[in-house]
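Notes for the one structure printed next.
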Amino acid sequence: MAATLLGAVLQTLVVFTAGAAIPFAGFFPAIPVAAIVAGAPAGMAVSIGALVLVWWAFREPHFVIHALSAQERSETAWLLFFALILVAFGLLCRKLLERAYERQRAMNVLVRELEHRRANTFSVLHAITKRTLQHEPEAAERLLRRFEAIRRTNDLLTEQPTGALLTTIFRNELEGITSEQVVMHGADVMLPAEQARNLVLIVHELLTNAMKYGALSVPTGQLRIEWSRTVNDLSIWWQEVGVPAVSKPDRQGFGTSLIELCIASVRGSWEPAFEPEGFRCRLVFPLPERENSD
């Protein structure tokens with residue numbers, strides 16, 4: 001009914017602008033719309049309604065039921081022919097929309113199932129770690145914190161699969177740390193999913209060291225994080241100040257090995273330095289082509 005009324009309004013506009021030379025033009029958009037929304041019966045009902053309205057209201061004598069002339073019968077036959085084509089087109093669009101909806105619904109179910117399995121996987125990893133390292137609680141706690149960092153990143157990328165904002169990554173990792181001890185500066189950058197996952201692990205390791213030995217281990221310390229981007233890469237400067245003198249460790253620990261592994265996996269680089277005023281480093285992440293095109 002609504003589609004027929006819409007067609008009548010459009011047909012009235014056509015008559016006022018182009019005259020009666022195109023008797024059914026206003027109803028042509030309404031026919032496939034009705035078929036898409038309500039199926040073939042609705043499309044055919046609009047077609048029949050168009051015939052009746054045009055015959056009764058848009059043909060002389062207006063608003064009088066009269067016999068059709070040979071020309072009007074020919075126009076009616078053409079309307080029915082085109083109406084069938086438009087109904088078929090509307091049904092095709094309806095089928096495509098239904099398939100798209102079903103695929104989206106199936107995808108949503110799959111995503112929910114994957115999220116459920118992922119949560120179960122982290123629960124199993126948590127239990128295995130605590131059980132295996134029950135006599136080494138500190139090692140277990142470090143490993144569990146790394147798992148938690150990965151889980152948070154996965155949650156973030158589930159909400160936005162294409163990537164994560166750099167500031168969001170930093171804020172998530174720095175949650176609970178006094179804001180006076182952390183200074184961040186730089187325009188926000190969207191990192192692709194793979195780079196975001198690796199950066200989270202890197203930041204987690206750097207932050208752990210800062211809390212144990214560096215700027216965040218003393219009330220007077222301060223952590224400064226700055227970043228900037230060029231066409232080809234993203235540079236991040238991590239600087240700790242206001243801490244006792246630091247020196248390079250005698251041996252490379254697991255955290256440093258993990259940082260280097262994450263850097264290598266995205267073909268980046270890092271330049272660590274142990275200076276008298278505190279630890280600092282520069283991280284460089286190459287930006288993919290889709291970022292380069294910005």
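The values are calculated or read from the model by the stated rules, or taken from the named source; none is laboratory data. As the structure is a computational prediction, the values presented were derived from the model and not from experiment. Neighbour counts run over all protein chains shown; Cβ positions are idealised from the backbone, glycine included. What goes into the accessible areas is simple: the full protein's heavy atoms, side chains included, and nothing from ligands, DNA or RNA. Shrake-Rupley method; radii C 1.70, N 1.55, O 1.52, S 1.80 Å.
What to note about this one:
- Sole residue being out of contact with any helix residue (DSSP H, G or I) (no Cβ under 8 Å at 6 or more places or on another chain), open to solvent by 30 Å² or more (accessible area, probe 1.4 Å) and more than 28 Å from ALA139 (Cα to Cα), chosen from ALA245, ALA187: ALA187
- Verdict on LEU216 being closer than 25 Å to GLU138 by Cβ and without any contact (Cβ under 8 Å) to a residue 40 or more places away in the chain: yes
- Some residue of segment 88-101 being open to solvent by 70 Å² or more (accessible area, probe 1.4 Å) and at pLDDT below 80: no
- Taking each residue of segment 110-127 that is under 12 Å from GLU148 (Cβ atoms) and looking for partners that are in a helix (DSSP H, G or I) and at pLDDT 70 or above with beta-carbon atoms closer than 6 Å, six or more apart or interchain, yields PHE122/ARG151; LEU125/PHE147.
- Among the conditions (1) surrounded by 14 or more Cβ atoms within 10 Å (Cβ to Cβ); (2) modelled with pLDDT of 85 or more, GLY255 misses just one, which is (2).
- In segment 31-86, the qualifying residues are those that are of a type in the set (Val, Ile, Thr) and more than 30 Å from LEU97 (Cβ to Cβ), and the one that is modelled with the highest pLDDT is THR76.
- Within the set VAL200, VAL284, the sole residue that is open to solvent by less than 90 Å² (accessible area, probe 1.4 Å), in contact with a Lys or Arg (Cβ under 8 Å, 6 or more places away or on another chain) and at negative phi turns out to be VAL200.
- The one condition from (1) of a type in the set (D, E, K, R); (2) open to solvent by 60 Å² or more (accessible area, probe 1.4 Å); (3) outside any strand (DSSP E or B); (4) in contact with a Gly (Cβ under 8 Å, 6 or more places away or on another chain) that GLU205 does not meet is (2).
- Test: residue in segment 223-235 that is open to solvent by less than 90 Å² (accessible area, probe 1.4 Å) and touching a helix residue (DSSP H, G or I) at 6+ places or on another chain (Cβ under 6 Å): yes
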